[in-house]
Amino acid sequence: MAETKIKSPCVENCCLNDKDVCLGCFRTLDEILSWSTMSLLQKQTTLSLCEQRRQQAPYAKKDFNSR
């Protein structure tokens, strides 16, 4: 069975906060740099973590699909 590709969550609004988390897609710098080599499971986990970070950000849209 072939792996399903997951598109990068990048929204082309790259700006890192003091914790090295992008204010656009909510990935950490390490997650951004390693996205292209992540497995499907790693990408799914990263997207889940991004959603958690987004929900905790006081300034972010709360619906991950509302961009």
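Placing pseudo-labels 7 Å out from each Cα toward the beta carbon at GLN42 and ASP30 gives an inter-label distance of 1.1 nm. Once the chain from TYR59 to LEU16 is taken as fully extended at 0.36 nm per residue, the excess over their C-alpha distance is 14.1 nm.
Throughout, read-outs are computed from the coordinates displayed, never taken from laboratory work. Being a predicted model, the structure only gives us computed values, none of them experimental. A quick note on method: Cβ atoms are made from the backbone with ideal geometry, for glycine too, and the neighbour counts reach across all protein chains shown.
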